[in-house]
1. For region 107-116, check the following and say yes or no: at least one residue is among the charged types (D, E, K, R) and surrounded by 24 or more Cβ atoms within 10 Å (Cβ to Cβ).
2. Yes or no: region 245-256 includes at least one residue that is in contact with a Cys (Cβ under 7 Å, 6 or more places away or on another chain) and farther than 30 Å from residue 136 by Cα.
3. Residue under question is residue 101, and the condition is that it be more than 21 Å from residue 51 (Cα to Cα) and under 16 Å from the mean Cα position of the chain (by Cα); does it hold?
4. Filter region 293-335 down to the residues that are closer than 18 Å to residue 47 by Cα and assigned to a loop (DSSP other than H, G, I, E, B) and list them by number.
5. Can you name the residue in region 83-98 that is more than 14 Å from the chain's Cα centre (by Cα) and in a loop (DSSP other than H, G, I, E, B) and, of all such residues, is surrounded by the fewest Cβ atoms within 10 Å (Cβ to Cβ)?
6. Do we find that residue 303 is over 22 Å from residue 53 (Cβ atoms) and surrounded by 11 or more Cβ atoms within 10 Å (Cβ to Cβ) in this structure?
7. Could you check, for region 6-21, whether at least one of its residues is in a strand (DSSP E or B), closer than 25 Å to residue 153 by Cβ, touching a helix residue (DSSP H, G or I) at 6+ places or on another chain (Cβ under 7 Å) and modelled with pLDDT of 95 or more?
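The values are calculated or read from the model by the stated rules, or taken from the named source; none is laboratory data. Remember, predicted model here, so these are calculated numbers, not experimental data. FYI the Cβ positions are ideal-geometry reconstructions off the backbone, even for glycines, and counts take in every protein chain you see.
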Amino acid sequence: MLESNIENFIICGCGEEVCRYRDSFYQPNSLEYDKNQWTYIVEIMIITIKSLIPNEIHHGTVIDYKRFDEELKLWYYYRHGENNSLLGSLYNEERAYWEYEDDSIFSRIIPIVFSNGDWTVAKREVLKNILHTSGNIFAVFEGLALSKLLFVLINNPKNNNDDIISQVKEEIVCFSQKDFIREYSVNFKFGLDTYKGNFIIDFERRRIDLLNTLNSINISSKYDTLKQSLNILEGQGENTLPKFFLGGLRGLRSVYENTPIKDEEFIKSLCSFLSKLRKGRITIESLQIDKYILPDVFQYKEGDVFFHTLLKKCQVVKKIDDSEKIISFIRTKSGIYKFRKSLNKN
């Protein structure tokens, strides 16, 4: 039941991102490679899953941030879509960290929640992962609220809505800003003295905004994903652009269309992997990386075969190299990646 719920959520979420890609990026004359392609939201979820490792000390699953960061650096060259917050994080941009909104958070929290049966561990790892790329207070609160909602819901998709909302409210009410700053100060990418404003006052204001949202008092223009998630739980649906988290919720509620997605069997294998992590059936030794081998993927010619720690065995199946850009199509066990690099120095 658990593994089926995980698969329903993720496959349906991916289907929503395929629809978003078609609406925003796909061209009728695109290569077959682009058929059923998802957006960067799914790519970031996959990166998060690949970075998970069991931790015996915490009796749960945590993120290996050495791998997570290396995966993000590689993702820069094959991403489908833009995320200014994540890109700013790669370059340590202070303004991006505090001010920009990062919707990839809503796909990153999902593997962390699914791979942990202990809420204490899941909560800590969710907050650490959010702070790794964003200190935006709205992002912290909405990420925490959606994580709690998902944690309560995943074992029983038919859970009473009032009970789900009640548990999320309790989590937010008990979320102490003093404890948060004390426990997670080392996880902030920039010191609180670089925050433009009063972090403590803004923290309490955002908490009130969120509690109002949970009480159906929609004063704040923020927390849109949470608002629409609550609508889905109430069976009201939503009418905005497709979103990963919302599609996943509809999958749990068995209200979805079967949208074909790229590399579906690979995605399903990741769902099984999350279930095994949660049940403690995967050892840390099988996932640890002792030495990173990270060659420049653009140096290889068409037909070349090489090894890359993050991609494993690779082969360049097609390469386009002109004065403006290099594009390399690289086949791996999980599928074909389209790496792009601009040669424009301006």
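1. Yes, the conditions are met somewhere in region 107-116.
2. Yes: region 245-256 contains one or more residues that are in contact with a Cys (Cβ under 7 Å, 6 or more places away or on another chain) and farther than 30 Å from residue 136 by Cα.
3. yes
4. Across region 293-335, the qualifying residues are 293, 294, 309, 310, 311, 333, 334.
5. 91
6. no
7. Looking through region 6-21, none of the residues is in a strand (DSSP E or B), closer than 25 Å to residue 153 by Cβ, touching a helix residue (DSSP H, G or I) at 6+ places or on another chain (Cβ under 7 Å) and modelled with pLDDT of 95 or more.
This table checks each residue for (1) touching a Lys or Arg at 6+ places or on another chain (Cβ under 8 Å); (2) surrounded by 16 or more Cβ atoms within 10 Å (Cβ to Cβ); (3) of a type in the set (A, V, I, L, M).
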{"residue": "149", "(1), (2), (3)": "no, yes, yes"}
{"residue": "153", "(1), (2), (3)": "no, yes, yes"}
{"residue": "204", "(1), (2), (3)": "no, no, no"}
{"residue": "207", "(1), (2), (3)": "no, yes, no"}
{"residue": "213", "(1), (2), (3)": "yes, yes, no"}
{"residue": "218", "(1), (2), (3)": "yes, no, no"}
{"residue": "225", "(1), (2), (3)": "yes, yes, no"}
